[in-house]
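The values are calculated or read from the model by the stated rules, or taken from the named source; none is laboratory data. Quick caveat: nothing in here was measured; it's all calculated off a predicted structure. Don't worry about glycine lacking a Cβ; one is built from the backbone with ideal geometry, like all the others, and counts go over all protein chains shown. All accessible areas refer to the heavy atoms of the entire protein, side chains included, with ligands and DNA or RNA removed. Shrake-Rupley method; radii C 1.70, N 1.55, O 1.52, S 1.80 Å.
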Amino acid sequence: MTRALAVILAHEGYEVEVADDGREALAYAQAEAFDAYIFDIMMPVMDGITLLETLRAAGDHTPAIFLTAKSSTDDTIKGLDAGANDYLIKPFAMGELLARVRALLRHNDGNSQEKKKVSWLNVSLDCQRNMLQGSTMRLALAPDEAKLMKALMERAGKPTAHGDLHRDCLPQVNADTLNLYLDYIQQKLDFVGADGHLVRDNGMVYLKADR
């Protein structure tokens, strides 16, 4: 059934990645940015509920549809509470699934007033999926890292006082933890092949082009 769905979705113009179990799906989701997920609840290795809860806890808000043979109201509630945006019970008409996918993507396109993507030099940050894309690599960031990266990219070239960055971005952590996150930011910019670097000088923090 998975292969058949992949063929039909590809025929409709979607780029599709197929995972054979929940753990493989988790690895895909952590490594790449997707517009939507279609998960079966009863997957081997890791079930769909656990998978989606794990992604939501990590800050991944990609729209998700559950496909399942479980049809009780309690099962539906459990799936939606896990973070699913829609729930389709087997057997289903393929036309209905395609319509739900289209509706989900339309809703997602207009759902957020917040800027969805920020760019700096050759690097972009998908703010919905916390995915950093450079010239050589793509990398998933933790939610706090993504929040800090977004702020730095929006203020690129403009020195910001360490205390102001702390207050505006991550007031819930201490100053030492913020410094650790800034170390991570530089490492991840290097990893994705950014044409710039993080500057920390006399209590000021900002992104600067290499040349």
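Quick check on segment 136-209: what are the equivalent-ellipsoid semi-axes from the Cα gyration tensor, as sqrt(5λ), descending, whole Å?
Details: eigenvalues 69, 43, 20 Å².
In descending order, the three semi-axes are 19, 15, 10 Å.
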Of 57, 103, 11, which is farthest towards the positive pole of segment 1-130's charge dipole, taken about the Cα centre with +1 and -1 on the beta-carbons of Lys, Arg and Asp, Glu respectively? 103
Taking the Cα centre as origin and putting +1 on Lys and Arg beta-carbons and -1 on Asp and Glu beta-carbons, what dipole magnitude results for the chain, to the nearest 20 debye? 540
What percent do you get for the relative contact order of segment 1-136 when only Cα pairs under 8 Å and 6+ apart count? 18
What does the charge add up to near residue 186, with Lys and Arg as +1, Asp and Glu as -1, over the other residues with Cβ less than 15 Å from its Cβ? -3
What lysines sit close enough to residue 70 to cross-link, taking a C-alpha to C-alpha distance under 19 Å and skipping anything fewer than 8 places away on the same chain? 78, 90
To the nearest 10 degrees, the tilt of helix 22-31 (Cα long axis) against the first principal axis of the alpha carbons of the chain is 30
If you line up the long axis of helix 175-191 against the longest principal axis of the chain, both from Cα atoms, how many degrees apart are they, to the nearest 10? 70
Roughly speaking, to the nearest percent, how much of segment 45-181's 1.4 Å accessible area is carbon and sulfur? 51
If exposed means no more than 13 neighbouring beta carbons inside 10 Å and the site is in a DSSP loop, what's the longest run of the chain without any exposed GluC sites (Glu not before Pro)? 115-211
Please give the length that would be gained between residue 206 and residue 70 if that part of the chain were fully extended, namely 0.36 nm times their separation in residues minus their C-alpha to C-alpha distance (nm, one decimal). 43.8 nm
What is the angle, in °, between the Cα long axis of helix 2-11 and the longest principal axis of the Cα atoms in the chain? Nearest 10 is fine, range 0 to 90. 70
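How much length is gained if the chain between residue 183 and residue 45 is pulled fully straight, taking 0.36 nm per residue apart and subtracting their Cα-Cα distance, in nm to one decimal?
Numbers: separation 138, 0.36 × 138 = 49.68 nm, distance 3.48 nm.
Value of the extension gain: 46.2 nm.
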Please calculate how many Å² of accessible area segment 31-70 carries per residue, with a 1.4 Å probe and no DNA, RNA or ligand atoms counted. 40
Between residue 96 and residue 2, what is 0.36 nm times their sequence separation minus the Cα-Cα distance? Round to one decimal in nm. 32.2 nm
As a test of understanding, state the convex hull volume per residue of the chain from its alpha carbons, in Å³. 138
Using +1 at the C-beta of Lys and Arg and -1 at the C-beta of Asp and Glu, which of 77, 196, 121 has the Cα lying farthest in the positive direction of the dipole of segment 55-211? 121
